[in-house]
Amino acid sequence: MMMDDNFFWFKRNGVRIPGVKGEHLFMHITDTHVSTWDEGSSPEERAETEKQETMWASFKEKFARGQLPFSVGNDEPYGDPQRISTVEAFEKQLALAEELKPEALLLSGDNLERMHEAGARYLKRKLAAYSGKFLCVPGNHEPKSMDGVYETGVRKLDFDGFRIVAVDDSRKTVSREDLDALKALCDEGTPMIVLCHIPVATANCKEELHRVMDYFYIDADAEDENAREFVALLEKNDAVRAVLCGHVHGYHATELVPGKPQIIGSQGMAGAVDLFTVS
Ligand SMILES: [Fe+2]
């Protein structure tokens with residue numbers, strides 16, 4: 001049973017939406033930071049991959065132990081089971097998803113450590129082989145689209161009585177086009193769970209988010225107009241029922257307003273799994 005593998009540690013959250021029948025399970029992971037090389041890689045690409053793997057081997061542990069000045073307060077599981085490569089970690093996560101069979105696997109960004117062709121080939125191949133549905137957004141380490149993994153623009157998966165909506169906020173803002181598309185979905189009124197990379201800090205959760213550096217969240221007071229509009233939309237629009245994101249490399253369960261969860265998943269490369277139910 002993958003569930004019993006000591007690599008994983010789980011958080012369970014959920015949201016109740018009136019009218020939704022039964023319980024719908026989603027497996028949300030984030031910040032897997034896959035770094036890899038293959039026979040098509042140049043020697044430089046291979047060297048870069050090895051360098052990044054070495055860097056993350058210590059950095060992910062420091063994040064988990066809260067030993068970085070900008071990740072104060074986290075004390076998350078970390079030991080030998082987490083001391084594996086980013087590729088091994090990603091494969092465990094996929095094997096877990098195959099076992100749990102969530103209604104969709106949700107990947108909230110920094111899927112790759114950095115854009116590299118071997119990494120993009122790897123993700124495309126692995127996700128194509130995955131037997132279930134998946135929805136993926138880019139992180140700040142990644143391009144705006146990746147063939148076979150995610151496209152640009154607002155995308156959605158529809159379920160009975162609700163939808164999961166993918167929004168690219170990886171540059172600490174959202175494009176005008178994407179904001180308009182998100183607003184149009186809000187106007188349709190179908191309850192939605194928004195999947196994005198960077199969390200937003202509303203009045204209700206800024207205290208929690210101010211424990212990390214402002215690099216890690218989009219503030220309601222941002223200079224960027226689209227960023228402010230995005231925060232206000234998530235906070236105030238009634239169609240938005242929950243937000244799933246990452247980026248912080250530490251788990252935080254926040255609420256944008258009371259009753260509207262924003263679950264910030266921790267680093268998937270160190271075994272964090274967020275099981276989210278809609279019922
Ligand atoms: Fe990350």
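The values are calculated or read from the model by the stated rules, or taken from the named source; none is laboratory data. Predicted model, so just to flag it, every value in this text is computed and none were measured. Every residue, glycine as well, gets a Cβ built from its backbone with ideal geometry; the counts of neighbours run over all protein chains shown. Surface areas here come from the heavy atoms of the whole protein model, side chains and all, with no ligands, DNA or RNA. Shrake-Rupley method; radii C 1.70, N 1.55, O 1.52, S 1.80 Å.
Data overview
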{"read-out": "Top-ranked residue in region 130-157 [being farther than 25 Å from Val200 by Cβ and either free of Cβ contacts under 8 Å to residues at least 24 places away in the same chain or open to solvent by less than 70 Å² (accessible area, probe 1.4 Å) (or both); ranked as farthest from the ligand (Cβ to nearest atom)]", "value": "Gly132"}
{"read-out": "Pro199 vs. criteria more than 16 Å from the ligand (Cβ to nearest atom) and within 26 Å of Gly259 (Cβ to Cβ)", "value": "no"}
{"read-out": "Check on Lys124, within 18 Å of the chain's Cα centre (by Cα), under 18 Å from Ala166 (Cβ atoms) and basic (Lys, Arg)", "value": "yes"}
{"read-out": "Residue count, region 207-225 (criterion: open to solvent by less than 40 Å² (accessible area, probe 1.4 Å) and among the aromatic types (Phe, Trp, Tyr))", "value": "2"}
{"read-out": "Flag if Arg176 is among the basic types (Lys, Arg) and touching a Pro at 6+ places or on another chain (Cβ under 8 Å)", "value": "no"}
{"read-out": "Selection within region 3-59 - more than 30 Å from Arg241 (Cα to Cα), open to solvent by less than 40 Å² (accessible area, probe 1.4 Å), away from the ligand (no atom under 16 Å from the Cβ) and under 24 Å from the mean Cα position of the chain (by Cα)", "value": "Phe7, Thr36, Thr49"}
{"read-out": "Filter pass, Leu106 being buried (at least 18 other Cβ atoms within 10 Å of the Cβ) and either away from the ligand (no atom under 16 Å from the Cβ) or more than 22 Å from Leu244 (Cα to Cα) (or both)", "value": "no"}
{"read-out": "The listed residue being under 28 Å from Ser145 (Cβ atoms), touching a residue at least 40 places away in the same chain (Cβ under 8 Å), in a helix (DSSP H, G or I) and not aromatic (Phe, Trp, Tyr), out of Leu234, Leu256", "value": "Leu234"}
{"read-out": "Region 226-272, residues that are surrounded by fewer than 24 Cβ atoms within 10 Å (Cβ to Cβ) and within 16 Å of the ligand (Cβ to nearest atom)", "value": "Tyr251, His252"}
{"read-out": "Residue match in region 122-129 (condition: open to solvent by less than 60 Å² (accessible area, probe 1.4 Å) and within 16 Å of the ligand (Cβ to nearest atom))", "value": "yes"}
{"read-out": "Condition check for Glu91: of a type outside the set (Ser, Thr, Tyr), open to solvent by 60 Å² or more (accessible area, probe 1.4 Å) and closer than 24 Å to Glu117 by Cβ", "value": "yes"}
{"read-out": "Unique match (being away from the ligand (no atom under 16 Å from the Cβ) and not β-branched (Val, Ile, Thr)) among Ala89, Ala97", "value": "Ala97"}
